[in-house]
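Visitor: Got a structure for you, questions after.
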Amino acid sequence: MSIKKVTQHPTQNEGLIFERSQGGRVGYRLPKLDVPITEDILPAELRRDDDLEGVPEVSEVDVVRHFTRISTWNYSIDLGMYPLGSCTMKYNSRLNEKTARIGGFANLHPLAPEEESQGALELIYKLQEDLCEITGLPGISLQPAAGAQGEMTGVMLIRAFLDHRDGEASKDRRVMLIPESAHGTNPASAAMSGFKVKTIRATADGLTDMAHLRELCSEGGVAGLMLTNPNTCGIFETDIKEICETIHAAGGLVYMDGANMNALVGIARPGDMGVDVIHLNLHKTFSTPHGGGGPGCGPCLCSADLAPFLPTPKIEKDGERYHLNYDYPGSIGRVKAFYGNFGMMVRALSYIYTHGNDGLKEATEVAVLNARYVSNALKEAYDKPFESDCMHEAIFSHKNQSKKGVVTLDIAKRLIDYGFHPMTVYFPLVVEGAMLIEPTESVGRADLDAFIEAMIDIDREAQEDPQLVINAPHSTRIGRLDEATAARKPVLRWKPDMETLSTAA
Ligand SMILES: *Cc1c(COP(=O)(O)O)cnc(C)c1O
């Protein structure tokens, strides 16, 4: 048996787990079988007669070290600030994790009968009550597994409501108005629900152009509007009440994308502004982990008019008992197995309870304060495309640096060399070379200052030595990827190197 050369240095160029394979190594051994394998225990067609070829043969310590080493290459919210805009990346408190691991919550089977799930149902019910209070909207479903799915659920509610209200005539009401700056999931949800998207222009201040909105409404057929508030430029839509009234007068409904609720919780309620439907992202505003696209929760909330169409089952309270109600004939149906991702609900309620009324309000205020601090500190070095004060995220463009050939992507890559996760780049599309920075309330003054200093240093480098920034990052394992090829032609399968395998055997 030949021992293959695998780099042993703990931080450099860790090979694939397959490349660590050494014939005969095992990480776990089962006790010897002490019963005969009969047909009724294990039918012949279920027994394998081949060897497990191509499976890595590794010991427990090989496995642990391999994955621990790889894990250290990841940037994570536990390592440092994550200034992504639009996608609130706040710290995930350990207390939430502890709560979610309580045996009665973590081990409860989703098919356990109602009588044995009272605690879990109560928790879902209480979270629903709190989210309704926070948004000012009485209807809710916690089923959707992400913001995008909550969004799609909300648009389906609008569709179901219009079909119910207008009958046959509903087919003439298929226009969904969406601002240019919207997140891509907005037009996607609208198109998938059978609506035609018309784009609303923004004003020079980054707000919805009211004149254009009225013009589009007068063209008729308006089913609704999808609006993010504060919008994706980080600016509060001050005309929101008038916007809602205009859409309602045209016979449509207002969908608010709630991804930016971190600027509003405890201060202002979308329901009070005239919004009919909203989604929340528990993994943004309510501090549950984002995961790798993993189990999330994107609650959909709505007005009393839309509530009969919400997904079933609904969790309801009858005296002191909680129960599941499937009896909503107008419901759009289930959008997710069981009741959604329950673990996220435990974490979100834990977040709400640890903060309380005052704490939630304070978190919002600090999130806005931190963004304004960054916005103000960087406005000399970086072009600030809109005059008005930002809410929870600060927006800049690369205008000052691009004169030297340094663009947003270069600035983001250089930030990695300074030890920071890059900000959101090239979004929203309405600002050329956009950089969207959302520090969140989880960052202290010292960390904010370090980030600001790094950004100012990068601007100086861009002016004095542009190549340094253009060729960044200099400190990472891999420099710049061919991202298009990586996305279009990903290599997803490891193929065994036959020669090595045969010499090893
Ligand atoms: C994050 C985000 C979404 C989508 O939410 P997911 O939970 O990622 O599916 C929609 N709109 C905006 C503005 C967002 O920032």
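Visitor: Among the complete DSSP H segments of the chain, which ones combine at least 18 Å of alpha-carbon extent along their axis with a mean Kyte-Doolittle hydropathy of -0.5 or more?
Guide: Correct list, ordered by number: 118-135, 147-166, 342-377, 445-464.
Visitor: Roughly how many debye, to the nearest 20, is the charge dipole of the chain about its Cα centre, given +1 on each Lys and Arg Cβ, -1 on each Asp and Glu Cβ, and no other charges?
Guide: Once rounded to the nearest 20, the dipole reads 940 debye.
Visitor: Need one value: the accessible area of C217 in square angstrom, 1.4 angstrom probe, rounded to the nearest 10.
Guide: 20
Visitor: For the charge dipole of the chain, defined by +1 on Lys and Arg C-beta atoms and -1 on Asp and Glu C-beta atoms about the Cα centroid, which residue among P466, F18, H421 has the Cα displaced farthest towards the positive pole?
Guide: Of P466, F18, H421, it is F18.
Visitor: Using +1 at the Cβ of each Lys and Arg and -1 at the Cβ of each Asp and Glu in region 216-269, identify which of L253, F236, A268 lies farthest towards the dipole's positive end.
Guide: Farthest towards the positive end: A268.
Visitor: Another one. Apply 1/(1 + (r/R0)^6) to the Cβ-Cβ distance of K379 and D239, taking R0 = 30 Å, and write down the FRET efficiency to the nearest 0.05.
Guide: The value I calculate is 0.75.
Visitor: Apply the a/c threshold of 1.5 to the C-alpha gyration tensor of the chain and tell me whether it is rounded, prolate or oblate.
Guide: Because a/c hits 1.5 or more and a/b fails to exceed b/c, the chain counts as oblate.
Visitor: Cross-link list K90/K384; K90/K361; K98/K336; K126/K361; K384/K404: which exceed 22 angstrom alpha carbon to alpha carbon?
Guide: K90/K384; K98/K336
Visitor: Excluding same-chain residues fewer than 8 positions from K171, which aspartates and glutamates have a Cα within less than 14 Å of its Cα?
Guide: Reachable aspartates and glutamates: D163.
Visitor: Keeping every protein chain present and rolling a 1.4 Å probe, give me the accessible area per residue for region 366-488 in Å².
Guide: For region 366-488, the per-residue accessible area is 48 Å².
Visitor: What is the gain in length, in nm to one decimal, between K196 and L42 on full extension, counting 0.36 nm per residue of separation less the C-alpha to C-alpha distance?
Guide: In short, 49.9 nm is gained.
Visitor: Taking the alpha-carbon distance from K495 and a cut-off under 22 Å, which lysines remain once sequence neighbours fewer than 8 residues away in the same chain are dropped?
Guide: Filter leaves K4, K5.
Visitor: What FRET efficiency, computed as 1/(1 + (r/R0)^6) with R0 = 60 Å and r the Cβ-Cβ distance, is obtained for L111 and D449, rounded to the nearest 0.05?
Guide: 0.70
Visitor: While we're on this one: Nothing charged except the Cβ atoms of Lys and Arg (+1) and of Asp and Glu (-1): what's the magnitude of the dipole of region 366-488 about its Cα centre? Round to the nearest 20 debye.
Guide: For region 366-488, the charge dipole is close to 280 debye.
Visitor: Could I ask something else about it? Could I have the simple spin-label model distance between E316 and K361, label points 7 Å from Cα toward Cβ, reported in nm to one decimal?
Guide: With each label point 7 Å from Cα toward Cβ, the separation is 3.4 nm.
Visitor: Report, please, the projected area of region 362-483 averaged over directions, based on the convex hull of its C-alpha atoms, in nm².
Guide: Mean shadow area of the hull around the Cα atoms is 7.7 nm².
Visitor: Measuring from a point 7 Å past the Cα of Q118 along Cα-to-C-beta, which residues in region 71-104 have an amide N at less than 17 Å?
Guide: 104
Visitor: Now a separate question. Would you mind calculating the gained length between Y91 and Q463 on full extension (0.36 nm times residue separation, minus the Cα-Cα distance), in nm to one decimal?
Guide: Between Y91 and Q463, full extension yields an extra 130.5 nm.
Visitor: Just to verify a number: FRET efficiency for A169 and V491, C-beta to C-beta distance, R0 = 51 Å, to 0.05?
Guide: Efficiency at R0 = 51 Å is approximately 0.45.
The values are calculated or read from the model by the stated rules, or taken from the named source; none is laboratory data. What you see is a predicted model; the values in this text were computed from it and never measured. Don't worry about glycine lacking a Cβ; one is built from the backbone with ideal geometry, like all the others, and counts go over all protein chains shown. Accessible surface areas use protein heavy atoms only, side chains included; no ligands, DNA or RNA. Shrake-Rupley method; radii C 1.70, N 1.55, O 1.52, S 1.80 Å.
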